[in-house]
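Taking it in order: structure first as structure tokens, then the write-up.
Bear in mind that the values in this text are calculations on the coordinates, not laboratory data. All of these numbers come straight from a predicted model, not from anything done at the bench. All Cβ positions, glycine included, derive from the backbone under ideal geometry; neighbour counts span all protein chains shown.
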Amino acid sequence: MKKARTYRLLRSLLLAGALLLPALSSAQRLLTDEARIFLVTCSPGQALYERYGHTALMVIDSDLGISEVYNYGIFDFSTEHFYWRFVRGETFYQLGKEDARWFIDSYTYGKRTVNIQELHLTPEQKDAIYRALIINYYPENRTYLYNFVFDNCATRPYYLLKNALVSDSITSTYQGAEGMTYREFIWRYTPKGSWGDLGINLVFGPKADKPMQGEQRLFLPEELMNYIQAATFADGTPLVEDSYVHPFEVEQLPWYKTWYFGLSMLFAALALLSLYDRRRGARTKWVDYTLYTIYVLLLVLVTFLTFFSIHPLVGFGPYLLIIPSIHLCARIIYLWR
């Protein structure tokens, strides 16, 4: 079953797609009875935006020569004002269609595991899903406003399946991260102690500490993969007919690459500087002013994200006090009498 790949599906447009399905249902079948549909889940990569894995949908119909992956993770760095839009949370992604073999080979070349789950569906259900994908791939439908938590590459395939199979609902016994907070859940996929881990905690506010319930936890690809693996139809028939799945492996950093070690070195350097300043009777002001500038810029960033962006989990939190606390404790040595 070396076939692969379908990515990110439109949620707001899923409703439009679902409404169109009845009108299309009487049309000629698009797939043969031998067609197969897969949920494809790719393991994390090295880049920060690849740390959480990726989800796609793959359609294979050898009789018709169809070998397609639908990918909801397409974005373009060259888009006008891309970084400004990214900071504001107004990043637009789109649905892409790729050759399945090319998709799998590209992830394999990047040393990322491609997990495949063949869905146990009737010919009619496969046709309904494929029609919904085609509708969502129309030029006027394929672009959507990306949201890391609520509308992304994992949620769109899930809601596409859910809407296409609305006449035969699915349930899952998989509990997984039920009751965990968003912050705790995201920690699982960020190398413990990495600088990315610190950055996430600096900008995440109290909203990230709310527990997730039900479908809220399906925004991360591995969780969706596990949920689908344990899913059944109303009559008890498993949703997954065959599968090749492996748990995600998160890189473990050596201690000297963690932010714990980095900030410990910052404390040690500031403490030695304070001793030196105390001996000579003068304070090295430029170091303090540099750190003050960093604090202000960080506060400005978090303030902007909190009040002027649509990112869902950002806000003021206790992690913002880490570096100022280190700075204050180290400089007390100079002020101590």
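Pairs of Lys residues in the chain, spaced 8 or more positions apart or belonging to different chains, with C-alpha separations under 24 angstrom: 16 in total. When peptides 151-158, 240-247 are sorted by average Cβ neighbour count within 10 Å, with the highest value leading, the order is 151-158, 240-247. Going from the residue with the fewest nearby Cβ atoms within 10 Å to the one with the most, 143, 181, 290, 190 rank 290, 143, 181, 190.
The listed peptides 295-304, 324-333, ordered by packing as a protection proxy, come out as 324-333, 295-304 (highest mean of other Cβ atoms within 10 Å first). Principal-axis analysis of the Cα atoms of the chain puts helix 285-308 at an angle of about 30° to the longest axis. Amide H neighbours of residue 120 under 5 Å, at least 5 residues apart or on other chains, H built in the peptide plane: list them. Under 5 Å from the amide H of residue 120: 240, 241. Backbone geometry of the stretch 56-66 corresponds, through the Karplus equation with coefficients 6.51, -1.76 and 1.60 at θ = phi - 60°, to 3J(HN,Hα) couplings of 8, 10, 10, 10, 10, 9, 4, 5, 9, x, 8 Hz, x marking Gly and Pro. Scanning residues 5 or more positions from residue 74 or on other chains, those with amide H under 5 Å from its amide H are 94, 96, with H placed 1.01 Å from N in the peptide plane.
Computed 3J(HN,Hα) for the stretch 325-331, one whole-Hz value per residue from the Karplus formula 6.51 cos²θ - 1.76 cosθ + 1.60 where θ = phi - 60°, is 5, 4, 4, 4, 4, 5, 7, glycine and proline marked x. Using a cutoff of 8 angstrom between alpha carbon atoms and counting only pairs six or more residues apart, the relative contact order for the stretch 65-130 works out to 33 percent. For the Cα atoms of the chain, what angle does the longest principal axis make with the long axis of helix 259-280, in degrees from 0 to 90, nearest 10? Around 10 degrees separate the two axes.
Taking the number of Cβ atoms within 10 Å of each Cβ as an exposure proxy, the fewest-first ranking of 170, 310, 200 is 310, 170, 200. Both radii are taken from the alpha-carbon atoms of the chain; with Rh as the Kirkwood radius, Rg/Rh is 1.09. For the stretch 256-335, the equivalent ellipsoid built from the Cα gyration tensor has semi-axes of 30, 15, 9 Å, listed from largest to smallest.
Here, P(r) means the percent of Cα pairs in each 10 Å bin from 0 to the largest distance; for the stretch 123-239 it is 12, 36, 31, 17, 4.
Note: relative contact order over the chain, using C-alpha pairs below 8 Å and six or more positions apart, is 20 percent. Separation of the stretch 258-337 and the stretch 152-167, taken as the distance between their Cα centroids, equals 45 angstrom.
Look at where the Cα atoms of the stretch 37-97 and of the stretch 227-255 average out, and the two centres are 20 Å apart.
A Stokes-Einstein calculation at 37 °C with viscosity 0.692 mPa s, built on the Kirkwood radius of the stretch 60-140 over Cα pairs, returns a diffusion coefficient of 215 µm²/s. Working ranking of peptides 256-266, 90-100 by packing, defined as the average number of other Cβ atoms within 10 Å per residue, highest first, is 90-100, 256-266.
Taking 0.36 nm per residue of sequence separation and removing the Cα-Cα distance, the residue 122/residue 280 pair yields an extension gain of 48.7 nm.
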